[in-house]
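The values are calculated or read from the model by the stated rules, or taken from the named source; none is laboratory data. This one's a predicted model, so the numbers in the text were calculated from it and none came from an experiment. As a convention, Cβ positions derive from the backbone with ideal geometry for all residues, glycine included, and neighbour counts pool all protein chains shown. Heads up: the accessible areas ignore ligands, DNA and RNA and are worked out on the full protein's heavy atoms, side chains in. Shrake-Rupley method; radii C 1.70, N 1.55, O 1.52, S 1.80 Å.
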Amino acid sequence: MKHRIKGSSTFGRRKAQRKAMLNNVASNLIRQNRINTTIAKAKEVSRIADKLVTLGKKNTIHARRQAYKILANRDLVKKLFDDIAVRYQNRNGGYTRIAKIGYRKGDSAPVAIIEFVEEDKKFKGKAKSGKAKSIKEKISGEIKEDKKVVQNKTKSKSRPLESNKTQIKNNQSPEEKEELEHKV
């Protein structure tokens, strides 16, 4: 009996079942770039996904074979090596992000989103004044601009609503309108 299996959770499954489940979740992550799963599975899949991206960065035949052993799909291996690994060529680890989103409705299991980290190309250049602004300042400026755009859109779409009496009057003939006016 092994107490305290280091490095992973058993998920109540045998080794082969656990390995197959995690490989399938890793395949779905590469296919969709973002998935919802429990926090424990997300943490385990993060380790596998980071190793896969590292294999993709090596870009050798042996690395492709190792990735195929986990993914078991040639299209996913091609996507990993041609698209995903190229994005992270200058990054040393930390290719995935886990964000907690709450609890699952049926069994109250803690759920998280696991996704590949996107490199923001907007913030790589310098500011116009020659000095680079902090990312927080740039983001807050973009948020303010987005709020202004949203406010302008809502102002142009909003119009005062007509009362029910006016709507009824507009939809009826002139004789019916006179009868309604006398009743009111």
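Structure data summary
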| quantity | calculated |
| --- | --- |
| Answer residue from region 18-36, given it is open to solvent by 60 Å² or more (accessible area, probe 1.4 Å) and over 18 Å from residue 111 (Cβ atoms) and is farthest from the chain's Cα centre (by Cα) among those | 19 |
| Residue check, residue 112 at pLDDT 95 or above, open to solvent by less than 40 Å² (accessible area, probe 1.4 Å) and of a type in the set (A, V, I, L, M, F, W, C) | yes |
| Pairs, first touching a residue at least 60 places away in the same chain (Cβ under 8 Å) in region 21-35, second outside any helix (DSSP H, G or I) and loosely packed, with under 15 Cβ neighbours inside 10 Å, C-beta under 8 Å, six or more apart | 34/113; 35/113 |
